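Worksheet for the structure shown next.
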Amino acid sequence: MTPLARIAVISYHTCPLEQPGAGDSGGMNVYVRETAAQAASAGLAVDIYTRQHGEASLGAVEMSPGVRLIHVPAGPPHAQKTSLRRWTDLFADRVLASAGAERIGYDGIISHYWLSGIVANRLSREWSAPHVTLFHTLALAMETSFPAFEATLERVNGECEVIEQAHSIVASSAHEREALTGLYGADARNISVVSPGVDQDCFYPRDRAECRRRLGLRDDRRYLLFVGRTIPMKGMETLIRAVARLPSEARASALVVGGEANDAAHKRLLQLAQSLGPSSQVHFAGCQPHDRLALYYGAADVCVIPSHYESFGMVAVEAQASGRPVVASRVGGLTSAVQHGVTGLTVRPGSAQELAAAIRVLLENSRLTSALSHAGIEAARRLTWRRTSDGVLTAAGASVTGGVWDALQTNS
């Protein structure tokens, strides 16, 4: 029997098991977890290396069949993401030591985020294995879309280093590819566009009344769902201001899933809501596990994504798969995830007036809402995690001779 090919996945700054919506955890955590599981189901052995954080135990554990999660110590467990660059060399040293102790090698390396890319560049040289990188967010693209975000020189230089040395790059949307070529000078021939997937077994149309009953939500309200971290980039302030513009007869409430209860961001947003008057119309549900998040999509009337920047917008396709119409900012990868007038409506980022108007259209026009919902379901059905994983592995296979791609073809 031909030995299985083995892939190292580097997720340095965040563990894929962390709850999305809290701290630095978000769609990337889901992406790493889902694509790793799909690669393993295709017959590959997958090791995910992540930095020890919090009270996480060290060593390898089976995260899912064929996927090992390996926590490696590098710097203080509770260190902030902004300080993690200083320990990338130490992390790489210990990954090399861990693999060496087991006497295992890797046919390819997949990195997620620029810090992981820095690590993977080093590992690629040491193992003579090709490196495929995914950035998920780009500093210069965020700064261009949202000037309040200041790109640090350390990060920009790091991103440039990864772009220059990685064998290939996977972008999640045409917008991200354009940012890579236009802002960073990346070679377009080295970039593959692969859309993230959606868990079709978890996110599907559900009965709204039943979802509300299970969540303890009222039947006489119209819920505008926001899912994500409550950082300024996500535009929660715009949603709160938009809710304040809606007439009282709309009976609309913003339902916020994400963030941590009583943290600084939560308190700031609550103060804004109270200053505008609609404090009773904003409900903070905190972070929710994957299966329970599906109930919130099911309970919603409209999913609102008021971000100032998104490289793709995974929330949009989860909402679409759940049969809920989407109103999103016309920015970044959201322009690919949401087709204006087809699977949702798009508005100018930061405009509470436009956002409120679009929400009102959907609340008052059931025929349009139904059409957008059905089109969204059909669009989301094409975005499976197996398709995403195969796309990433294809990018890897373009740089591997007799390794990852051949093994995938043999074992799938």
*Can you name the condition, by its number, that Gly26 falls short on among (1) at pLDDT below 90; (2) over 12 Å from the mean Cα position of the chain (by Cα); (3) of a type outside the set (D, E, K, R)?*
(2)
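From Ser173, Ser168, grab the single residue that is small (Gly, Ala, Ser) and closer than 21 Å to Ala316 by Cβ. Working first, answer last.
Numbers: Ser168 fails: closer than 21 Å to Ala316 by Cβ.
Only one candidate qualifies: Ser173.
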*strands (runs of 3 or more DSSP E) contained entirely in segment 181-300, each with at least 2 residues that are free of Cβ contacts under 8 Å to residues at least 60 places away in the same chain and in the same structural domain as Ala358 (by TED's automatic domain parsing)*: 252-257, 282-286
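Let's see how each residue does on (1) surrounded by fewer than 24 Cβ atoms within 10 Å (Cβ to Cβ); (2) aromatic (Phe, Trp, Tyr); (3) modelled with pLDDT of 95 or more:
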| site | (1), (2), (3) |
| --- | --- |
| Gln320 | no, no, yes |
| Gly323 | yes, no, yes |
| Val326 | no, no, yes |
| Gly333 | no, no, no |
| Gly344 | no, no, yes |
| Ile359 | no, no, yes |
| Ser370 | yes, no, yes |
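With Thr35, Thr50, Thr82 as the choices, which residue is hydroxyl-bearing (Ser, Thr, Tyr) and touching a helix residue (DSSP H, G or I) at 6+ places or on another chain (Cβ under 7 Å)? Break it down stepwise before answering.
Working: Thr50 fails: touching a helix residue (DSSP H, G or I) at 6+ places or on another chain (Cβ under 7 Å); Thr82 fails: touching a helix residue (DSSP H, G or I) at 6+ places or on another chain (Cβ under 7 Å).
Exactly one of Thr35, Thr50, Thr82 is hydroxyl-bearing (Ser, Thr, Tyr) and touching a helix residue (DSSP H, G or I) at 6+ places or on another chain (Cβ under 7 Å), namely Thr35.
Tell me the residue from Val304, Val338, Val315 that is buried (at least 20 other Cβ atoms within 10 Å of the Cβ) and without any contact (Cβ under 8 Å) to a residue 60 or more places away in the chain, please.
Details: Val304 fails: without any contact (Cβ under 8 Å) to a residue 60 or more places away in the chain; Val315 fails: without any contact (Cβ under 8 Å) to a residue 60 or more places away in the chain.
Result of the check over Val304, Val338, Val315: Val338.
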*Residue check, Ser57 against (1) free of Cβ contacts under 8 Å to residues at least 12 places away in the same chain; (2) over 23 Å from the mean Cα position of the chain (by Cα), all met but one. Which one?*
(1)
_Residue that is modelled with the lowest pLDDT [pool: residues in segment 49-75 that are touching a Cys at 6+ places or on another chain (Cβ under 7 Å) and outside any strand (DSSP E or B)]_ = Ala56
_Take the conditions surrounded by 19 or more Cβ atoms within 10 Å (Cβ to Cβ), farther than 22 Å from Gln320 by Cβ and within 19 Å of the chain's Cα centre (by Cα) and apply them to Leu180. Does it pass?_
yes
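The values are calculated or read from the model by the stated rules, or taken from the named source; none is laboratory data. On a predicted model such as this, the values are computed, not experimentally measured, just so you know. We place every Cβ from the backbone using ideal geometry, glycine too, and count neighbours over all the protein chains shown.
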